[in-house]
Amino acid sequence: MGNENNSALAMKVAVLIGGVGGAKLASGLMQVVAPERLSFIVNTGDDFRHLGLKICPDLDTLMYTLAGLVNPEWGWGIAEDSTITLESLERTYGLEPWFRLGDKDLATHLLRLDLLQRGYSLTEVSDCLARRLGLAARLLPMCDEDLPTIICSDNHGELGFQEYFVKHRWQPVVKSISYRDCEKASMSPAVTVAIEEADIILIAPSNPWLSVAPVLAVPGLRTALKRALAPVVAVTPIIAGAAVKGPTAKIMAELGLQVSEAAVAEFYHGIIDGFVNDIRNQPLDVANLQSTRLDTLMTDKLAKVNLARETLAWIAGWAS
Ligand code: FO1
């Protein structure tokens, strides 16, 4: 292993993350950074109560991905899971389940609910689930309080995130996005320490408006990033004017933004010191912003590891 690789292994890296795209980079980082030195600060704005369960899609997507359990086709849920319970709800009780919960996945939701009801925080519960799946990396909810992302759409009014994303297949036109009750939320000690102790802070190529903005809405988090000694670097979610997956480009257009990496860099203005652009995009020229172009299209495991390694090596080259 080259010298820079050893230094990457020894680094403490904190990652703001949500969704399937972010989880791809996360799995690459697990091969480059010692997992016990990786802290993922995960979006919980997608969370909601469903069938009495507390569903945490981005925490579970990341956990299943890093544990090698995730359904590879969808990027969420557990591979080869059945839906016998859901089918029974439908056939026996006439429910029309619009949110697919697999039988193995239900085990996670049942254990999480039980632990929450016994008074453990979402941070403690997430730690417990990740440890039981053998993960040394820390999966930290962005906060322990509920901070749901609310989509205000043209023809459907206010929608909870999963109603927008799953029930309506992110087709409603987005007029605005709000992060409800954010003033009641606070950074957990674990998130505070992860940011303070990080040698590098990354913003994964997650949807800035749907997956990263909720994390930035947690009171004190933006300030903590600005105060952090570590460089903060975002990875572009936009390649050649489009999103790799999901509604990022559609939302940008609906919010009246240019669908470009420059618009994403602008969204993170004041927070980021560096921006990893894609080799297929035009070079980014923004004052006081370090930028490079790497292959951010993570089509396979090697591409995920290469992006992780090259990102950290690039940052090490300019961050004092
Ligand atoms: N996404 C879907 O498109 N359809 C579903 O039925 C669905 C169920 C589901 C269950 C558990 C879970 O952890 C995630 C699930 N997702 C589903 C994905 C989820 O809605 C999104 O991945 C995130 O909320 C957005 O990043």
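The values are calculated or read from the model by the stated rules, or taken from the named source; none is laboratory data. Remember, it's a predicted structure, so these values are computed and weren't measured experimentally. All Cβ positions, glycine included, derive from the backbone under ideal geometry; neighbour counts span all protein chains shown. Quick note on the areas: whole protein, heavy atoms, side chains included, nothing else; ligands and nucleic acids left out. Shrake-Rupley method; radii C 1.70, N 1.55, O 1.52, S 1.80 Å.
Residue-by-condition table, conditions (1) under 21 Å from Ile272 (Cα atoms); (2) at pLDDT 95 or above; (3) buried (at least 24 other Cβ atoms within 10 Å of the Cβ); (4) among the hydroxyl-bearing types (Ser, Thr, Tyr):
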{"site": "Asn6", "(1), (2), (3), (4)": "no, no, no, no"}
{"site": "Leu9", "(1), (2), (3), (4)": "no, no, no, no"}
{"site": "Val15", "(1), (2), (3), (4)": "yes, yes, yes, no"}
{"site": "Pro35", "(1), (2), (3), (4)": "no, yes, no, no"}
{"site": "Ile41", "(1), (2), (3), (4)": "yes, yes, yes, no"}
{"site": "Gly45", "(1), (2), (3), (4)": "no, yes, yes, no"}
{"site": "Arg49", "(1), (2), (3), (4)": "no, yes, no, no"}
{"site": "Leu53", "(1), (2), (3), (4)": "no, yes, no, no"}
{"site": "Asp58", "(1), (2), (3), (4)": "no, yes, yes, no"}
**Asked** Just one of the numbered conditions (1) at pLDDT 95 or above; (2) within 26 Å of Leu25 (Cβ to Cβ) is not true of Cys182; which one?
**Response** (1)
**Complete:** From the option list Leu225, Leu202, Leu221, Leu210, single residue qualifying as touching a Phe, Trp or Tyr at 6+ places or on another chain (Cβ under 8 Å) and open to solvent by less than 10 Å² (accessible area, probe 1.4 Å) is Leu210
**Request:** Determine whether Arg227 is closer than 29 Å to Glu310 by Cα, more than 16 Å from the ligand (Cβ to nearest atom) and without any contact (Cβ under 8 Å) to a residue 24 or more places away in the chain.
**Result:** yes
**Complete set of residues in the stretch 234-266 that are touching a residue at least 60 places away in the same chain (Cβ under 8 Å), open to solvent by less than 20 Å² (accessible area, probe 1.4 Å) and in a loop (DSSP other than H, G, I, E, B)** = Thr236, Pro237, Pro247
**Request:** Mind telling me which of the residues Leu111, Leu106 ends up being open to solvent by less than 40 Å² (accessible area, probe 1.4 Å) and hydrophobic (A, V, I, L, M, F, W, C)?
**Result:** Leu106
**Message:** Pairs please, first residue from the stretch 93-110 and over 15 Å from Gln162 (Cβ atoms) and in contact (Cβ under 8 Å) with a residue 12 or more places away in the chain, second anywhere and within 12 Å of the ligand (Cβ to nearest atom) and of a type in the set (Gly, Ala, Ser), Cβ atoms under 9 Å, 6+ apart in sequence or on different chains.
**Reply:** Gly102/Gly77; Lys104/Gly77
**Message:** So if I check each of Ile239, Ile279, Ile272, Ile251, which one is over 20 Å from the mean Cα position of the chain (by Cα) and β-branched (Val, Ile, Thr)?
**Reply:** Ile279
